[in-house]
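Reviewing the structure listed below.
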Amino acid sequence: MREEGIIRFELEFTAAAPLTIPGLDELNAWRRILWQLGLIGQDAERYGGYSFGNISRRLQPYDAPENRRPFVISGSQTGHLAELSSTGFATVSEYDAGLNRVVATGPIKPSSESLTHGSVYNTNSEIHVILHVHSPTVWNYAAALGIPITGGHVPYGTPAMAQEVERLFRETNLIEMGIFAMGGHEDGVIAFGRTAEAAGCILMRALAHSYARGVNW
């Protein structure tokens with residue numbers, strides 16, 4: 001059985017009331033689309049029955065220093081829910097791949113991919129939304145589509161994954177592509193952009209291009 005949804009970093013979590021989240025309606029609209037397509041969800045036949053997929057959105061100040069760029073992220077093991085209210089999101093205020101540490105507050109613990117989301121936000125202050133989905137179609141055809149791929153030996157939610165993401169930003173055209181596949185995380189694909197719509201459209205384009213090649217995994 002492949003592990004999914006297990007928090008691998010040191011989490012400093014403080015229970016707190018949910019925030020009023022700017023842009024939650026748009027974020028939830030795209031999450032619902034992804035949920036209906038089976039790109040976010042929970043299925044007894046996939047990944048040992050654990051939830052899969054998560055979304056996040058940057059919070060101000062957008063010029064905050066690296067490792068302290070706050071964001072809201074969907075809570076751990078919320079994939080079975082078709083729509084999330086503010087109680088389904090945690091706020092990550094600090095993260096450090098070197099220390100394997102995440103600091104978060106909220107009504108629910110943050111996604112196990114919080115460290116990876118933080119590493120993406122560190123690379124460019126113009127990235128405000130991240131969509132992490134599980135698409136066998138895109139994942140299996142990522143190389144053919146020219147989508148950057150993290151090393152197959154790198155597990156999800158770890159400092160090594162955060163460092164691998166940083167490598168892709170340095171060595172590939174990832175910032176222009178807006179999407180990458182996680183070679184060591186079965187079916188894992190991350191798209192990002194300034195808005196949920198921008199990230200969502202990048203993801204849908206990759207999905208369409210995969211199907212156009214006659215692939216239906």
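The values are calculated or read from the model by the stated rules, or taken from the named source; none is laboratory data. No experiment lies behind these values; they were computed from the predicted model shown. Heads up, the Cβs are rebuilt from the backbone with ideal geometry, glycines too, and the neighbour counts pull from every protein chain shown. Only protein heavy atoms, including side chains, enter the accessible area calculation; ligands, DNA and RNA are left aside. Shrake-Rupley method; radii C 1.70, N 1.55, O 1.52, S 1.80 Å.
Worth pointing out:
- Check on residue 144, more than 22 Å from residue 115 (Cα to Cα) and of a type outside the set (D, E, K, R): yes
- Test result for residue 146, surrounded by 17 or more Cβ atoms within 10 Å (Cβ to Cβ) and either touching a strand residue (DSSP E or B) at 6+ places or on another chain (Cβ under 9 Å) or farther than 18 Å from residue 47 by Cβ (or both): no
- Every pair of residues 6+ apart whose Cβ atoms lie under 6 Å, when the first sits in the range 159-170 and is open to solvent by 10 Å² or more (accessible area, probe 1.4 Å) while the second is in a helix (DSSP H, G or I): 166/119; 169/123
- The range 40-63, residues that are in a loop (DSSP other than H, G, I, E, B) and open to solvent by less than 10 Å² (accessible area, probe 1.4 Å): 40
- Number of positions in the range 85-99 that are open to solvent by 10 Å² or more (accessible area, probe 1.4 Å) and not in a helix (DSSP H, G or I): 8
- Just one residue in the set 102, 133 is part of a strand (DSSP E or B) and either open to solvent by 20 Å² or more (accessible area, probe 1.4 Å) or within 23 Å of residue 17 (Cα to Cα) (or both); that residue is 102.
- Here is the figure for the range 109-130: residues that are touching a Phe, Trp or Tyr at 6+ places or on another chain (Cβ under 7 Å) and open to solvent by 40 Å² or more (accessible area, probe 1.4 Å) total 3.
- Any hit, the range 207-214, residues being among the charged types (D, E, K, R), more than 29 Å from residue 15 (Cβ to Cβ) and open to solvent by 20 Å² or more (accessible area, probe 1.4 Å): yes
- Single residue of the range 64-83 satisfying the filter (of a type outside the set (Val, Ile, Thr), open to solvent by less than 60 Å² (accessible area, probe 1.4 Å) and part of a loop (DSSP other than H, G, I, E, B)) that is farthest from residue 101 (Cα to Cα): 82
- Of the residues making up the range 33-58, those that are over 15 Å from residue 135 (Cα atoms), modelled with pLDDT of 95 or more and of a type outside the set (S, T, N, Q) number 2.
- The residues of the range 184-206 that are surrounded by 15 or more Cβ atoms within 10 Å (Cβ to Cβ), in contact (Cβ under 8 Å) with a residue 40 or more places away in the chain and not hydrophobic (A, V, I, L, M, F, W, C), listed by number, are 186, 187, 188, 193, 195, 200.
- Residue match in the range 10-25 (condition: polar (S, T, N, Q), in contact (Cβ under 8 Å) with a residue 40 or more places away in the chain and outside any loop (DSSP other than H, G, I, E, B)): yes
- Counting only residues that are free of Cβ contacts under 8 Å to residues at least 40 places away in the same chain and under 14 Å from residue 68 (Cα atoms), the range 96-130 holds 1 of them.
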